[in-house]
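Here the structure comes first, spelled out in structure tokens, and everything after it is commentary.
The values are calculated or read from the model by the stated rules, or taken from the named source; none is laboratory data. What you see is a predicted model; the values in this text were computed from it and never measured. When we count neighbours, we look across all protein chains shown, and the Cβ atoms used for this are built from the backbone with ideal geometry, even at glycine. Accessible surface is based on the protein model in full, side chains and every heavy atom, while ligands, DNA and RNA are left aside. Shrake-Rupley method; radii C 1.70, N 1.55, O 1.52, S 1.80 Å.
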Amino acid sequence: GIKGFINTGTYFEYDCSRQPVDENALISPFNLYAKTKLAFESILKTYSDDIMVNTFRLFSPYGEKDNQKLVPMIIKKALKGEVIELSDGLQKIDLIYVEDIVSAYVKAVKRILTTSNRPEYEVFNLGSGHALSIRDIVSIVEQKIGRPLQKKWGEVSKTDIPIAYADIEKASRVLNWEPKFSRRDGLIKTINYFRDVLNENS
């Protein structure tokens with residue numbers, strides 16, 4: 001009785017040697033995490049003969065309640081006045097705020113529910129469509145907090161993709177979806193959340 005299935009993938013599944021990255025980019029999983037995503041997708045495609053299946057390949061999600069990624073690490077250490085050890089900071093990522101991600105899932109659900117039973121397998125990129133360097137992120141956090149962060153720039157990261165940002169034309173065209181939050185606005189909301197959490201626990 002299932003009409004549709006929405007799956008979550010990652011941009012690490014793509015060959016990111018050409019920018020921006022669209023859904024037709026070569027598949028070349030960057031790490032084990034991406035390989036597990038692809039393994040599940042290969043199984044999921046079997047069911048797309050009978051139901052609508054959508055995979056969202058997320059770029060760099062961030063927002064409130066996130067806890068194991070770059071953005072919350074920078075913010076929490078900044079608020080505590082701790083030293084932040086980073087790479088050279090020139091790596092560029094495509095930040096996508098959590099509320100924009102949620103809105104895409106809601107639009108996909110509505111599309112599944114309002115479309116006649118049409119089997120499909122479609123992939124959509126979810127990103128802002130713009131690249132932002134780690135140094136830019138640090139600068140925005142410094143501006144919001146109102147003081148320089150204690151940061152130590154290191155060597156070029158060998159475990160990350162140097163630059164990756166999404167072509168989101170397909171999601172815009174098919175799902176009528178566009179990100180509403182600027183990187184600055186999303187980061188400010190995230191900073192405010194972690195500041196409140198820190199104050200509650202102090």
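Electrostatic bookkeeping for Phe30 treats Lys and Arg as +1 and Asp and Glu as -1; over the other residues with beta carbon under 13 Å from its beta carbon, the sum is +1. Computed 3J(HN,Hα) for the range 6-11, one whole-Hz value per residue from the Karplus formula 6.51 cos²θ - 1.76 cosθ + 1.60 where θ = phi - 60°, is 10, 10, 10, x, 8, 5, glycine and proline marked x. Largest accessible area first, the residues Leu32, Leu90 order themselves as Leu32, Leu90 under a 1.4 Å probe with ligands, DNA and RNA left out. Using 0.36 nm per residue and subtracting the Cα-Cα separation, the extra length available between Leu113 and Glu155 on full extension is 10.2 nm. Ranked from largest to smallest solvent-accessible area, with a 1.4 Å probe on the protein heavy atoms, Ile74, Ile6 come out as Ile6, Ile74. Both the radius of gyration and Dmax for the range 1-112 are 16.8, 54 Å, in that order, over alpha-carbon atoms. In the context of the full set of protein chains, residues of the chain present 54 Å² of accessible surface per residue (probe radius 1.4 Å, heavy atoms only).
Think of it as helices only: each DSSP H run of n ≥ 4 in the chain is worth -39500 (n - 2.57), and spread over all residues that comes to -13000 deg cm²/dmol at 222 nm. For the chain, the relative contact order works out to 29 percent when only alpha carbon pairs closer than 8 Å and six or more residues apart are counted.
Of all beta bridges DSSP finds with both residues in the chain, what is the antiparallel percent, to the nearest 5? Expressed as a percentage, antiparallel bridges in the chain total about 10. Just checking the listed ones, Ser116, Ser133, Ser103: in the Gaussian network model of the chain with Cα springs under 10 Å, the one fluctuating most is Ser116.
The GluC sites (Glu not before Pro) found in the range 56-97 that occupy coil by DSSP, while having at most 14 further C-beta atoms within 10 Å, are Glu82.
Against the longest principal axis of the chain, how steep is helix 70-80, in degrees 0 to 90 to the nearest 10, with axes from Cα atoms? So the helix axis and the longest Cα principal axis differ by about 30 degrees. Here the spin labels are modelled as points 7 Å beyond Cα on the Cα-Cβ line, and at Glu142 and Asp22 they lie 3.8 nm apart. With angles folded into 0 to 90 degrees, how steeply does helix 98-114 sit against the dominant principal axis of the chain? Use alpha carbons for both and round to 10. Value to nearest ten degrees: 10.
Using a 1.4 Å probe on the protein chains only, how many percent of the accessible area of the chain belongs to carbon and sulfur? Carbon and sulfur together cover 52 percent of it. With the whole protein complex present, Phe40 retains an accessible surface near 90 Å², based on a 1.4 Å probe. Viscosity 0.890 mPa s, temperature 25 °C: Stokes-Einstein D of the chain from its Kirkwood Cα radius, in µm² per second? Taking Rh from Cα pairs, D becomes 135 µm²/s.
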